[in-house]
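Notes to accompany the following structure.
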Amino acid sequence: SDDGRVFVVFPPYYSPFGAHQQILPRKKFLFVPYNKLPFIQLLPRPIFRSITAGNDAASREVARLSDIRLTLRKFEKCVDEAGLRIEHSRLYLSRPSFALRYGLPVIDASILGKIPFVDELLVTAGYYLLTKQ
């Protein structure tokens, strides 16, 4: 509706688990379960795709996200192109869901969330409230 809002939460692709590799089945890569390795999506694409390949739903989702590579800037550009406006946004180094799942403290990105490229690597989630322009 004209006065509706959309709430969007996502991890930037280049953040520690931006490829959602934690959803993959537990397989080992260099003696470590690769679904527990942060930043593996930064490996050369053929290597990343080969170690995460599979025909299960999780592997297909990781491959899909690898094709999209959604960053904070890319998302904000898409919001603008869609005729939407960011009413409110918040970036986290340690997102609220980590507090619920793992007992970790919630840490706002503050200054680090304003530094281009650094934010894409360190922010674990962008929270956005969108409205029509």
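The values are calculated or read from the model by the stated rules, or taken from the named source; none is laboratory data. Given the structure is predicted, the values throughout are model-derived calculations rather than measurements. For neighbour counting, all protein chains shown are included, and Cβ atoms are generated from backbone atoms with ideal geometry for every residue, glycine included. Each accessible area value is taken on the protein alone, full model and side chains, heavy atoms only, with ligands, DNA and RNA left out. Shrake-Rupley method; radii C 1.70, N 1.55, O 1.52, S 1.80 Å.
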- Note on the structure: With Cα springs under 10 Å, the Gaussian network model of the chain assigns the largest mean-square fluctuation among 123, 106, 32 to 32
- Message: Can you tell me the convex hull volume per residue for the chain, based on C-alpha atoms, in Å³ to the nearest whole number?
- Response: 134
- Accessible surface of the chain [probe 1.4 Å, protein heavy atoms]: carbon and sulfur percent: 63
- Query: How many Å² of accessible area per residue for the chain, probe 1.4 Å?
  - Reply: 61
- Starting at 0 and stepping by 5 Å, how many percent of the alpha carbon pairs of the stretch 44-111 end up in each bin? 3, 13, 14, 13, 17, 22, 15, 4, 0
- the stretch 1-49: chymotrypsin sites (Phe, Trp or Tyr not before Pro) falling in loop per DSSP and having at most 15 other Cβ within 10 Å: 31, 39
- Query: With springs only between Cα atoms under 10 Å, which of 16, 44, 33 fluctuates most in a Gaussian network model of the chain?
  - Reply: 44
- What is the Cα convex hull volume of the stretch 1-46 when expressed per residue in Å³? 112
- So what is the 222 nm mean residue ellipticity for the chain from helices alone, if each DSSP H run of at least 4 adds -39500 (n - 2.57) and you divide by all residues, rounding to the nearest 500 deg cm²/dmol? -8500 deg cm²/dmol
- Among the lysines in the chain, how many pairs, 8 or more places apart or on different chains, have alpha carbons under 21 Å apart? 6
- Query: Just in the stretch 71-133: which chymotrypsin sites (Phe, Trp or Tyr not before Pro) are loop by DSSP and have at most 14 other Cβ atoms within 10 Å?
  - Reply: 117
- Note on the structure: If one builds a Gaussian network model of the chain from Cα atoms under 10 Å apart, the most fluctuating residue listed among 54, 113, 18 is 54
